[in-house]
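Data first, discussion second: the structure below is written as structure tokens.
The values are calculated or read from the model by the stated rules, or taken from the named source; none is laboratory data. Worth saying up front: this structure is predicted, and the values here are computed from it rather than measured. Backbone-built Cβ (ideal geometry, glycine too); neighbour counts: all protein chains shown. These accessible areas exclude ligands, DNA and RNA; they are computed on the full protein's heavy atoms, side chains included. Shrake-Rupley method; radii C 1.70, N 1.55, O 1.52, S 1.80 Å.
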Amino acid sequence: MQNVDVSEVLTEVQEICKKHQLEFEFQDVVQPWDVGPDSRFVQKVLSIVKKNASLTVCYATDAAILQNLKRMVICGPGSIAQAHRSDEFIELEQLDRGVDFFVKAFTTDW
């Protein structure tokens with residue numbers, strides 16, 4: 001995410017690598033991706049999903065590589081609290097809602 005200082009974590013990783021005689025090379029090859037919650041596109045997506053506000057989370061996606069696209073959001077069914085964990089799951093109702101969203105998103109006149 002933008003404006004996140006990772007220097008403390010990088011220092012810790014470097015120290016661990018040094019302790020275990022491992023080579024450490026940091027390559028920051030992509031810029032963090034971010035889109036303002038007030039952007040017209042985000043507001044249109046929020047209207048489709050019937051939400052008042054967007055949510056920012058810190059995890060890796062292809063968005064950083066694809067950020068030159070004019071219109072992009074990371075959006076999907078389910079709860080981020082249930083995602084990306086060893087016991088990840090999604091309710092069938094959420095999958096149905098996801099299908100409805102994608103149908104509306106791809107048939108909307110942007």
Yes or no: the range 57-74 includes at least one residue that is over 21 Å from Val30 (Cβ atoms) and either of a type outside the set (Lys, Arg) or not in a loop (DSSP other than H, G, I, E, B) (or both). no
May I ask you to list the residues in the range 2-14 that are loosely packed, with under 11 Cβ neighbours inside 10 Å and either under 30 Å from Leu95 (Cα atoms) or not β-branched (Val, Ile, Thr) (or both)? Gln2, Asn3, Asp5, Ser7, Glu8, Glu12
Among the residues of the range 75-109, which ones are open to solvent by 90 Å² or more (accessible area, probe 1.4 Å) and either β-branched (Val, Ile, Thr) or part of a loop (DSSP other than H, G, I, E, B) (or both)? His84, Arg85, Ser86, Asp87, Glu88, Phe89, Glu91, Thr107, Asp109
Residue count, the range 49-93 (criterion: over 18 Å from the mean Cα position of the chain (by Cα) and more than 21 Å from Asp38 (Cβ to Cβ)): 5
Can you tell me which residues in the range 23-59 are at pLDDT below 85, surrounded by fewer than 10 Cβ atoms within 10 Å (Cβ to Cβ) and not polar (S, T, N, Q)? Asp28, Val29, Leu55, Cys58, Tyr59
So, of the residues in the range 1-37 that are of a type in the set (A, V, I, L, M) and assigned to a loop (DSSP other than H, G, I, E, B), which turns out to be farthest from the chain's Cα centre (by Cα)? Leu22
